[in-house]
Amino acid sequence: METIGNEPKAKRFGKVAIDIISFVTLAVIITILGIPFSAVLQKLGKEGADKMFYFVLSETLMLIGIFLSAWIVWHFRGVSLTGLGRSLAIRKKDLLSGISLAIVLYAVGFGVSLLAGAVEIAGVVFNPSSLLISFVFFLLVAITEEFALRGFVLERMLQGGVNKFWALFLSATLFSLVHIANPNFDFLSFINILLAGILLGSSYIYTRNLCFPI
């Protein structure tokens, strides 16, 4: 049996699978435990308050659950947290590259859709407070998803010696399946998100940092 260091590949891959399953299970449990806190705070809020505030609250609880789950698994396994520090380090160049690519992709996609008549601009409304809270919410979503799928799942597979192409494909597939509850999710949506996961995962494999994917 082929080995990596002194440990058979099969045994190491088994540990990777157990760690990922444990991570997902813990994240789900911790998130469920946080639901009552979110409900209580929602009741304490003012009537008619912006629902986005509660989305931000829920996503914050989920992010805490993801971090705590990852820490528990890594601590139990005795895996160094050095990689976590590298993955979360702020790299301005990667951040600007990611933002620039996102703007280009959205501009091209929207531009083509507009020219093709698939979308129509019915009006323009600018609400700074709504825009700000939406930005905070989607930033939290990005950090949560990237830390979970790239920072933990992909990183753990790479640490375990899984072939980087297989690790990339498997993590991207899981990334796409996480969005299965999204409205109008279908096979084309699955493929599109899978391709996005491969793009984001490729960046992580190259840089071992989450700034570009986020």
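The values are calculated or read from the model by the stated rules, or taken from the named source; none is laboratory data. Predicted, not measured: the structure shown is a model, and the values here were computed from it. Cβ atoms come from the backbone with ideal geometry, glycine included; neighbour counts cover every protein chain shown. Ligands, DNA and RNA are stripped out before the accessible areas are found, and what is left, the full protein with its side chains, is counted by its heavy atoms. Shrake-Rupley method; radii C 1.70, N 1.55, O 1.52, S 1.80 Å.
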- Message: Quick test of your reading of the structure: V136 fulfils all but one of (1) open to solvent by less than 30 Å² (accessible area, probe 1.4 Å); (2) within 17 Å of the chain's Cα centre (by Cα). Name the failing condition by number.
- Response: (1)
- Top-ranked residue of the stretch 84-114 - restricted to ones that are free of Cβ contacts under 8 Å to residues at least 24 places away in the same chain and of a type in the set (V, I, T), ranked as farthest from E145 (Cα to Cα): V112
- Task: Could you tell me whether any residue of the stretch 153-164 is part of a loop (DSSP other than H, G, I, E, B), more than 27 Å from G14 (Cα to Cα) and out of contact with any strand residue (DSSP E or B) (no Cβ under 6 Å at 6 or more places or on another chain)?
- Result: no
- Item | Residues of the stretch 49-106 that turn out to be at pLDDT 90 or above, among the small types (G, A, S) and either exposed (fewer than 13 other Cβ atoms within 10 Å of the Cβ) or more than 30 Å from P36 (Cβ to Cβ) (or both), as a count | 4
- Task: Please name all residue pairs, on different chains or six or more residues apart, with Cβ atoms under 9 Å, provided the first residue is in the stretch 115-126 and is without any contact (Cβ under 8 Å) to a residue 24 or more places away in the chain and the second residue is of a type in the set (S, T, N, Q).
- Result: V119/S113
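Would you confirm whether or not the stretch 153-172 contains a residue that is open to solvent by less than 70 Å² (accessible area, probe 1.4 Å) and among the acidic types (D, E)?
Taking the stretch 153-172 as the starting set, the residues that turn out to be open to solvent by less than 70 Å² (accessible area, probe 1.4 Å) are 153-162, 167-168, 171-172.
After this cut, where a residue has to be among the acidic types (D, E) as well, the list is 155.
Within the stretch 153-172 (the criterion being open to solvent by less than 70 Å² (accessible area, probe 1.4 Å) and among the acidic types (D, E)), the answer is yes, since at least one residue qualifies.
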- Message: Testing L210 on (1) outside any helix (DSSP H, G or I); (2) within 25 Å of G14 (Cβ to Cβ), one condition comes back false. Which one is that?
- Response: (2)
